[in-house]
Every structure is written in structure tokens, then in C-alpha cells.
Amino acid sequence: MAIKNEVVTTILRVFLGATFLIHGVAKFQGGIENTAGFFESLGLPGFSAYVVALIELIGGIAVILGIGTRVISILFAIVLAVAIVKVKIAVGFLGNGQMAGYELDLALMAISIYLAAANKSVLALDNVLFRSEKA
């Protein structure tokens, strides 16, 4: 049973990391200045677009590798909570036909919270870099 949990946790971790990595890359490829402008239109400081994009990009890579998963997952959950409240809640759970709803954001938040609360995975690079009492 323990091996099954490790495999499932690793699948969730890699999926979450890859999803955020792709979103971070997209923010830079699409022109981070455009994202900063969008953030400003929401009443957020423009520089926060850079912070979010870096969390997504660097955090995505780290989570895929299993480095700092708990801390980064908490940051992901915060990013998602702000996205839901500032952008997605107005269009509803499934969206409005022009914009996606917050269903994916909520699912990613649930995965982030699970990974933040879960025990360190045996299949994470943290275990190689930082020997734990479990190892």
C-alpha cells in the first residue's frame, strides 16, 4: 500500500509541477509585460506578474524534481486562491463561454494543499539532497 501512495503522490507532484512550469513559460513567451498590464487592470501591482511567473517557472521545475515541494505547494495554493478571487469567481465554476471557470484552479489548489500536507515522498530529490530520518 505504501508504494502505491508514493507512486500516486509522485504522479500528482509531477503533474502539478508540469502544469505550473508550462503556465510560467507561457507568461514569459506571451510577453510578461502584457501579463503585468493584466495584473494592473485587476488592481494588483504590475511587478507581481513577474513574481507569479517566477514562482510558476522555478517552482514548477522544483516540484517536478521534488525539491521544496511543501513550501512551493503553499505558494501555488496562494497564487491559485488569488486567481480564483480576482479573476475566475466572477465567471463561475465552469466559466462563461469566453473564459474558463475556476474548476481547474480549484483542482490544482486541492493537489497543492495535499502535497503541502503530505509526508515527504521517497521518490523526491529532497531525499537525496537532504537525508531525512525516514531514509
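If VAL63 passes every condition in (1) closer than 14 Å to SER112 by Cβ; (2) out of contact with any Lys or Arg (no Cβ under 8 Å at 6 or more places or on another chain) but one, which one does it miss?
(2)
Output the number of the condition that ALA83 fails; it satisfies all remaining conditions of (1) touching an Asp or Glu at 6+ places or on another chain (Cβ under 6 Å); (2) in contact (Cβ under 8 Å) with a residue 40 or more places away in the chain; (3) part of a helix (DSSP H, G or I).
Going through the list (1) touching an Asp or Glu at 6+ places or on another chain (Cβ under 6 Å); (2) in contact (Cβ under 8 Å) with a residue 40 or more places away in the chain; (3) part of a helix (DSSP H, G or I), ALA83 breaks only (2).
Looking at segment 1-35 only, could you name the residues that are of a type in the set (A, V, I, L, M, F, W, C) and closer than 19 Å to LEU75 by Cβ?
Once the filter is applied, which keeps residues that are of a type in the set (A, V, I, L, M, F, W, C) and closer than 19 Å to LEU75 by Cβ, segment 1-35 yields LEU12, VAL14, PHE15, LEU16, ALA18, PHE20, LEU21, ILE22, VAL25, ALA26, PHE28, ILE32.
Looking only at segment 50-80, which residues are assigned to a helix (DSSP H, G or I) and in contact (Cβ under 8 Å) with a residue 60 or more places away in the chain?
Hits for segment 50-80 are LEU65, PHE76.
Here are some conditions: (1) assigned to a loop (DSSP other than H, G, I, E, B); (2) in contact with a Leu (Cβ under 6 Å, 6 or more places away or on another chain); (3) farther than 30 Å from PHE130 by Cα. ASP105 meets all but one. Which one does it not meet?
(1)
Considering only residues of segment 46-57 that are out of contact with any Phe, Trp or Tyr (no Cβ under 7 Å at 6 or more places or on another chain) and either of a type in the set (S, T, N, Q) or exposed (fewer than 15 other Cβ atoms within 10 Å of the Cβ) (or both), which is farthest from PHE76 (Cα to Cα)?
The extreme case among them is PHE47.
Look at segment 86-129 and say how many of its residues are closer than 21 Å to ALA53 by Cβ and in contact (Cβ under 8 Å) with a residue 60 or more places away in the chain.
4
If you go through segment 91-102 one residue at a time, how many are more than 16 Å from HIS23 (Cβ to Cβ) and surrounded by 12 or more Cβ atoms within 10 Å (Cβ to Cβ)?
Total satisfying the criteria: 4.
Let me confirm something: among ILE72, ILE78, which residue is surrounded by 19 or more Cβ atoms within 10 Å (Cβ to Cβ) and out of contact with any Ser or Thr (no Cβ under 6 Å at 6 or more places or on another chain)?
Among ILE72, ILE78, only ILE72 is surrounded by 19 or more Cβ atoms within 10 Å (Cβ to Cβ) and out of contact with any Ser or Thr (no Cβ under 6 Å at 6 or more places or on another chain).
So for segment 1-24 (the condition being among the hydroxyl-bearing types (Ser, Thr, Tyr), surrounded by 15 or more Cβ atoms within 10 Å (Cβ to Cβ) and free of Cβ contacts under 8 Å to residues at least 24 places away in the same chain), does at least one residue qualify?
Within segment 1-24, not a single residue is among the hydroxyl-bearing types (Ser, Thr, Tyr), surrounded by 15 or more Cβ atoms within 10 Å (Cβ to Cβ) and free of Cβ contacts under 8 Å to residues at least 24 places away in the same chain.
How many residues are in contact with a Gly (Cβ under 9 Å, 6 or more places away or on another chain), of a type in the set (Gly, Ala, Ser) and either outside any loop (DSSP other than H, G, I, E, B) or closer than 23 Å to ILE111 by Cα (or both) if we restrict to segment 1-49?
The total comes to 6.
A short reminder: the numbers here are calculations on the coordinates, not readings from a lab. Values in this document were obtained by computation on a predicted structure and should not be read as measured data. For neighbour counting, all protein chains shown are included, and Cβ atoms are generated from backbone atoms with ideal geometry for every residue, glycine included.
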